[in-house]
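Visitor: Next up is a structure, given as structure tokens.
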Amino acid sequence: MKVANQIAGLGLRLALLVLTAQLAQAQLGVGENTKLNAGGLVSFGYAGDYGDAMPSSHGLNFGLDGKLDGYYYNPNFISFTATPYYNQSRSDSSYQSLTAASGVAGTANFFTGSNFPGSVNYNYARNSTGTFGLPGQPNFTTYGTGQGFGINWSALLPNLPTLSVGYSQGSGHGTIYGTDQQSDSSTRLFNAHSNYQIAGFRLNGFFNHNSLNSTFPAFLAGEQAQVQESSGHDFGFGAQHKLPVHGSFYISYNRASATSDFSSNQGQNGNTSNSTSYTDSNETAGASFHPTQKFSFNVSENYTSNLSGYLAQNLGGNGVAPPQVGLGSGSHSLTFSGGATYQFTNFLSASTQETYYDQYYFGKSYTGEYLSGTVNYNKRILNMFSFSASVIDSSNGQGTNALGFMGNVNYSHRIGAWKTSGAFSYAQNVQTLLVTYTTSYYQYSANVRRRLPGGLQWGAAFNGSHSGLTQYSGSNSDSKGYSTSLSLRRMAVNAFYNQSSGVSLLGAGGLITPTPTPGLTDFILSNGSGYGGSVSVTPVNHLSFSGTFSRAISNTIAQTSSHNSTEVFNAQMQYHLRKIGLQAGYTRFTQGISAIGAPVNNNSFYVGMTRWFDFF
């Protein structure tokens, strides 16, 4: 009886789909100025799910992935695109997701090419799969709902200042698979920009306002920062003008403010909360000159009214709320710099730069100088190497001098049938924004490829990096990765391994690794590794088999320590003939987080067919 009811329901859906297409075709003749195109990929099959944390289910499955686009009167007047989908995110289909999601995404453009262009966009996803990330590693898998809306408009009148205004908002809710841990986020963004040219000056101005609300999983946030609300705005203006001797002048000013509130519910102890805020003004001015084809020089000046706020502002991007950077009250910075460059040949150039610092932070005043000399040679030596190198002499005015170095080497060479390439960068005692702190880092990468007998092609690559403040070993971040691949005309195999560790900040989308920053207090230590691979085979035209496997193992240390593991295996078969396709697939997903429970697994399978329909 259950199967009969499913068949009846499926028949009703197909009938409604056909009727909708026929009605849409009938609507085309009503308006002479409306042009529409619509199509959809209809899928039908048998699917099942079973696992530790979910009831088993199986039965007939129906889905639709559609597309509608068109315009009214003229594409430059009103044009639009919509992509609705239903039950089209199975893990064993080409959508590569763990849940059968439904939703729609749409965009409309108005008055394109006119003086007043605008656009509107909207998206909604239900029962979709997402991620909550760790830096350099496969992410935790979540499922939930999200939506977003945006509108943009511009006024581009001749001989008048331009104006562009935009507003967007979005929200999302996700639950980490195998747990009751949730992550929520909502954002609202408003921005306005303007440009104008008058009397040889190029003027610009802007205003941005944003607000962010996030709820983090407790095993990462601990008990002190489970809910985060932040808001901020910044505005500024700038001007540019040409100068004699092929020169130019620029000046800019911006002011930014932000506030973050952190709160948590600690049960019998009640709610706890703390907040951070900053306001920072930054002014920059400079000029550059190019008196000859080979010689150029520049001068610049910069003033920052709040160094703590300036560092927090730079760290607080990519969905990260402004962190707490403790440099003490009254921190500020004033710098003057000047430099010159000379081009000796088409391949060889040299430059020098000197900067003077006058700063106040951690309750003390500091002065210092920073002098660097750089040589660039971009013609390959021995048909293999090109490089640049810098020597840096710095003094912080406290009787401390440091000699630093920066170097970059690029390599590329073919040895018989082998194609090889690589790069290496190294820096030691390089000045940071604060005059008493230096940073060191190195980065490397290498690639090798070779065509083998029988049409085989093999390749391998590895890369890595290390960075940190010279004065603090606890600020270090490390990463490394290895990969290899082997391919034929109808087959491909690849494998990878990566590892990372370091200091991270908690943002709306997960953990993000910042640049080393003095005075940073709110951070999470994380380390982990991931490995996996994939194989795909196309034995005959239109028929393909594929399989993928990945596993990530990580440790996070915040208020709570946790050992975490995520494993995904997926296998697929696809066959396509004209507009008809056959699909089959299986997925096994396992995820465990020691801080909040034992590992759980989920399995799903699907067998069915697809057919593309051009409705009109």
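Let's see how each residue does on (1) in contact with a Lys or Arg (Cβ under 6 Å, 6 or more places away or on another chain); (2) more than 25 Å from residue 335 (Cβ to Cβ):
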{"site": "406", "(1), (2)": "no, no"}
{"site": "414", "(1), (2)": "no, yes"}
{"site": "419", "(1), (2)": "yes, yes"}
{"site": "428", "(1), (2)": "no, no"}
{"site": "436", "(1), (2)": "no, no"}
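Visitor: Taking the stated definitions as given, is residue 344 in contact (Cβ under 8 Å) with a residue 12 or more places away in the chain and exposed (fewer than 14 other Cβ atoms within 10 Å of the Cβ)?
Guide: yes
Visitor: Does region 39-50 include one or more residues that are modelled with pLDDT under 80 and β-branched (Val, Ile, Thr)?
Guide: no
Visitor: Scan the strands (runs of 3 or more DSSP E) fully inside region 222-337 and keep the ones with 2 or more residues being touching a His at 6+ places or on another chain (Cβ under 7 Å) and either modelled with pLDDT under 80 or of a type outside the set (Lys, Arg) (or both).
Guide: 247-265, 295-304
Visitor: I would also like to ask the following. Please find, among 61, 87, the residue that is more than 29 Å from the chain's Cα centre (by Cα), modelled with pLDDT under 80 and either crowded, with 16+ Cβ neighbours inside 10 Å or basic (Lys, Arg) (or both).
Guide: From the options 61, 87, the qualifying one is 61.
Visitor: Starting from residues that are within 25 Å of the chain's Cα centre (by Cα), polar (S, T, N, Q) and buried (at least 17 other Cβ atoms within 10 Å of the Cβ), keep the ones in region 455-481 and report whichever is modelled with the highest pLDDT.
Guide: 463
Visitor: Would it be correct to say that residue 425 is under 28 Å from residue 357 (Cα atoms) and part of a strand (DSSP E or B)?
Guide: Yes.
Visitor: Cβ-Cβ under 9 Å, sequence separation 6+ or interchain: first residue in region 53-75 and acidic (Asp, Glu) and part of a loop (DSSP other than H, G, I, E, B), partner loosely packed, with under 15 Cβ neighbours inside 10 Å and at pLDDT below 80. Which pairs?
Guide: none
Visitor: Consider residue 452 carefully, then state whether it is more than 28 Å from the chain's Cα centre (by Cα), without any contact (Cβ under 8 Å) to a residue 12 or more places away in the chain and closer than 24 Å to residue 344 by Cβ.
Guide: Against the criterion (more than 28 Å from the chain's Cα centre (by Cα), without any contact (Cβ under 8 Å) to a residue 12 or more places away in the chain and closer than 24 Å to residue 344 by Cβ), residue 452 does not qualify.
Visitor: Kindly evaluate residue 432 against the criterion of being β-branched (Val, Ile, Thr), crowded, with 16+ Cβ neighbours inside 10 Å, in contact with a Pro (Cβ under 8 Å, 6 or more places away or on another chain) and at negative phi.
Guide: Yes, satisfied.
Visitor: Please return the ranges of strands (runs of 3 or more DSSP E) entirely within region 91-204 where 3 or more residues are touching a Leu at 6+ places or on another chain (Cβ under 7 Å) and modelled with pLDDT of 85 or more.
Guide: Strands (runs of 3 or more DSSP E) meeting the threshold: 182-198.
Visitor: Taking the conditions exactly as written (buried (at least 20 other Cβ atoms within 10 Å of the Cβ) and closer than 19 Å to residue 39 by Cβ), does residue 583 satisfy them or not?
Guide: yes
Visitor: Please specify each residue of region 382-406 satisfying the condition of being assigned to a strand (DSSP E or B) and surrounded by fewer than 16 Cβ atoms within 10 Å (Cβ to Cβ).
Guide: Passing the criteria: 385, 389, 391, 393, 401, 403, 405.
Visitor: Mind checking whether some residue in region 7-16 is in a helix (DSSP H, G or I), at pLDDT below 85 and basic (Lys, Arg)?
Guide: yes
The values are calculated or read from the model by the stated rules, or taken from the named source; none is laboratory data. Everything numeric here is computed off the predicted structure, so don't read it as measured data. Don't worry about glycine lacking a Cβ; one is built from the backbone with ideal geometry, like all the others, and counts go over all protein chains shown.
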